[in-house]
Structures are given as C-alpha cells and as structure tokens.
1. Name the residues in the range 179-204 that are open to solvent by less than 60 Å² (accessible area, probe 1.4 Å), assigned to a loop (DSSP other than H, G, I, E, B) and of a type outside the set (A, V, I, L, M), would you?
2. Taking TRP346 as meeting all but one of (1) surrounded by fewer than 20 Cβ atoms within 10 Å (Cβ to Cβ); (2) farther than 20 Å from GLY195 by Cβ; (3) of a type outside the set (A, V, I, L, M), write down the number of the exception.
3. Can you find a residue in the range 159-177 that is of a type in the set (D, E, K, R), within 16 Å of the ligand (Cβ to nearest atom) and open to solvent by 10 Å² or more (accessible area, probe 1.4 Å)?
4. Select from the range 318-342 the residues that are under 21 Å from PRO304 (Cβ atoms) and either charged (D, E, K, R) or surrounded by fewer than 17 Cβ atoms within 10 Å (Cβ to Cβ) (or both) and list them in ascending order.
5. So which residues in the range 210-237 are of a type outside the set (Val, Ile, Thr), closer than 21 Å to ALA326 by Cα and out of contact with any helix residue (DSSP H, G or I) (no Cβ under 6 Å at 6 or more places or on another chain)?
6. Among the residues of the range 238-280, which ones are within 15 Å of the ligand (Cβ to nearest atom), open to solvent by 20 Å² or more (accessible area, probe 1.4 Å) and of a type outside the set (A, V, I, L, M)?
7. Can ALA120 be described as at pLDDT below 95, within 23 Å of LEU23 (Cβ to Cβ) and either out of contact with any helix residue (DSSP H, G or I) (no Cβ under 9 Å at 6 or more places or on another chain) or open to solvent by less than 20 Å² (accessible area, probe 1.4 Å) (or both)?
8. Among what's in the range 360-391 and is open to solvent by 20 Å² or more (accessible area, probe 1.4 Å), out of contact with any Lys or Arg (no Cβ under 7 Å at 6 or more places or on another chain) and of a type in the set (Gly, Ala, Ser), pick the residue that is farthest from VAL119 (Cα to Cα).
Amino acid sequence: MNQSQRLLLIISGGIAAYKCLELIRRLQDHGVSTRVILTKSGSEFVTPLSISALSGEKVYQDLFDLTDEQEMGHIRLSREADLVLVAPATADILAKMAAGLANDLATTALLATDKPVMVAPAMNPMMWQHPATQANMETLKSRGIAVIGPEAGDMACGEQGSGRLVEPADLVQAVLSRLQQAQTLAGKKVLVTAGPTIEPIDPVRYISNHSSGKQGYAIATALAAAGADVTLVSGPTKLAPPQGVNFVSVQTADEMLSASKAALPVDIAVFAAAVADYKVSNAASQKIKKKDGKTPKLEFEANPDILATIASKKESRPDLVIGFAAETENLLENAQSKLIKKGCDWVLANDVAEETGTFGGDASEVHLVRSDGSESWRHQCKQATAHQLAAAIAEELKGR
Ligand code: C5P
C-alpha cells in the first residue's frame, strides 16, 4: 500500500462510533492515514481527544471555525483525501447526502469532494428498513456511492435485525480494496450479468426466481469504480442501475444472451445472473383462461447457457471468464466441476443453504475457485466481496 494514502473519515452520531477508533488504528498498520471530521452528534459518542490521539491529526468539527478555514478550508479537506468514508452513517446523514444538504462541515465536505465516497450505515433496524431510508440508499447508490453493510445481528438498542455497523476488520478490507483498486482496471471492458430472468407462460404470467441482483450490481459498481468500462446486463430487479455503467435491461434468458453477445468483445466477463434453466416452450400468446376441470400443461425446453456459450467462443472469448456457483451442498466439488463443464477461468462459489441467508441477503461467504485450487473469503457484505473481486481481477490481469 502506498504510504501517502489518506482517508477522510466522517464519524456521525451512533453508538457504533467507537468502532472507528479501532478502524483508524488498523488502517495505520496498512500505511493509510486518517483525517477525521466529527459531526456534532458524533461527538456525543466519541471524543476528539481519543480520535486525535490515534490519528495523530487535528479533528475537524466546525464549519465556521476561522482558524480551520485559514489552515484547512472545507474544500481542501474534502479534496486532500484519496477516499471518503462515512462511518457510522446515520439515517440523518444519509438523508442529508441524498438531498444534497450542506449545513455542517461533514455534509459540506461530502458535497464538495471529487473523491470516491463510501458509506457504512448503522441504525435501528426499523429506521434502516424505512422506505425513506431505503429510497435514500437507492439514490446514493445510483450516484456511485459504495455502501458497506449494514449487518444483521443484535443491536445496542436491544432489537434484532439489519442495522449493525460492519466490523472494523471488514471496513479495513473495504477501504484497502477501494484504495488499491484506484483505476487499476482503466481501459478494460467488462460484461456483468445480474438478477433473475423471467420466462413467460402467457402475456401476464411468468416463471422466475428470487435473485435480488445485489451481488451482480455490487460487482458492476466496484469494477466501474476501478476504472473499467462496464456493461451490466440485468434481468428485472428492484435496484437502481448503478451510475457510470452501461445498463441493459432484459427479461428472458434469450434476451440476456443476445445483449451479452452484443457487449463483446470484452476483457472480463462476470456471470452473476440467476438464469432460468428452462423456458416454457408452449407459452400462450393470449392470457390462459381458467377452465373447469382442466389444468393447463406447461412444456419446457432448455434455455441457452450464457456463460458456457461465451466461454466457449473461439473468437472474442474474454480473457477472464468468471461464473458463480450457488450450491446447498458439496460446495467446492460442485464449483470445480462447474469450472470445467462451463469452461470458465474462475468460479465464485456461494453456499446458499437457507440458514446462510445469502440468497437475497446483504452478506455472503464466497470461495474463489480456480483450476489450481481455491481460496475462501471472509463472511462479508456483498459490496466488500465485490471490491475484493475487483482487486483479484486487477491482480490477475497484471500478472498476465
Ligand atoms: O448451472 P448453474 O446455473 O448452477 O451455473 C451458474 C453459473 O452459470 C452462473 O454464473 C450463471 O450466471 C451462469 N448461467 C448462465 N446461463 C444459464 C445458466 C447459468 O450464464 N442458462
């Protein structure tokens, strides 16, 4: 890690603010220096004294502190960092960011910065699930802001659910990956598939699956943040298209294949979509009517395998083809055989047994399987997995 890398850490008000002290310390071990803006509510939870003792720097708090403005104006403060992280990010500061408010030093710096911004939300689960917070998150993500967590678990308020700040070790990983990646994939073209496909039964009904698209969208976002020219081909999801990617919306597996072929040639292809294996071959052109005593019979035919089709291309095969394996048993064995059967270079293997909460959830534990072995990544949020994948891809291409 480059010694001169700097993080601007904005600590807003939440009980999890204490975890940021550990974060500052651990980042120092990796040669990253942290400069802190502490919001008024943040200062109710951690003191400027403990922060500056660890960061070795003055802590910035007040927008209208004349000495600060002379020494270090808010514009300079926001520009002199390589990366900005808001942790813990309260519902309040996320709402202010989404609305573009700038009524204190933290929000002014966030509006003025020209650097990548990450947020690590932490709040009560009901506040996190509230449609207002969720709408704000979609707005922020669509502007290219990376979101780390939150995690599910016991809350300081005694409730349970999603809303915990991710652990300092995960924050360190996310910050390091983001800093390392800076533009490491500039000039590379990438195809990412994501989400489910839907296969019509008639004009109003279809067969699909529960894929949320979260992992694929996070990967597209992380690769674009690393400077790649990303085309995201997505089936229907509830997510906003990430900013800065070429977004192609499709419905069926056939459409996903055509759109993926149209995106070629690319250097890297990541197939994160949960493509329906079968389509209805006798789909009706008119809505099927209910008939007494008769049940309709659906017939199926296999869908094209998009990954296998593109991996087996003689011309215009991407240099690096990455597939996913979602398994409920014999994870690594099944992933190895998928690697060979589908002709891909890497497989990201996911345990999707119900108790893991991976499918549709915010976190996962993946194993990167290559022909010569595998490595297991920590249980972490999908955005952190995406950043780790982007870093692994950049490393691989450097070595080729
Ligand atoms: O065979 P299975 O569905 O388990 O393989 C998963 C991998 O293959 C994923 O990367 C998925 O995106 C890809 N796939 C595909 N086209 C299909 C089925 C799966 O690209 N028709």
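1. Result: GLY195, THR197.
2. (1)
3. No, there is no match, as no residue in the range 159-177 is of a type in the set (D, E, K, R), within 16 Å of the ligand (Cβ to nearest atom) and open to solvent by 10 Å² or more (accessible area, probe 1.4 Å).
4. Within the range 318-342, SER337, LYS338, ILE340, LYS341, LYS342 qualify.
5. Matches in the range 210-237: HIS210, SER211, SER212, GLY213, GLY216, TYR217, ALA220, SER234, GLY235, PRO236.
6. Within the range 238-280, GLN251, THR252, ASP254, GLU255, SER258, LYS261, ASP277, TYR278, LYS279 qualify.
7. no
8. SER371
The values are calculated or read from the model by the stated rules, or taken from the named source; none is laboratory data. Keep in mind the model is a prediction, meaning the values are calculated, not measured. Cβ coordinates were reconstructed from backbone atoms using ideal geometry, including for glycine residues, and neighbour counts include every protein chain displayed. What goes into the accessible areas is simple: the full protein's heavy atoms, side chains included, and nothing from ligands, DNA or RNA. Shrake-Rupley method; radii C 1.70, N 1.55, O 1.52, S 1.80 Å.
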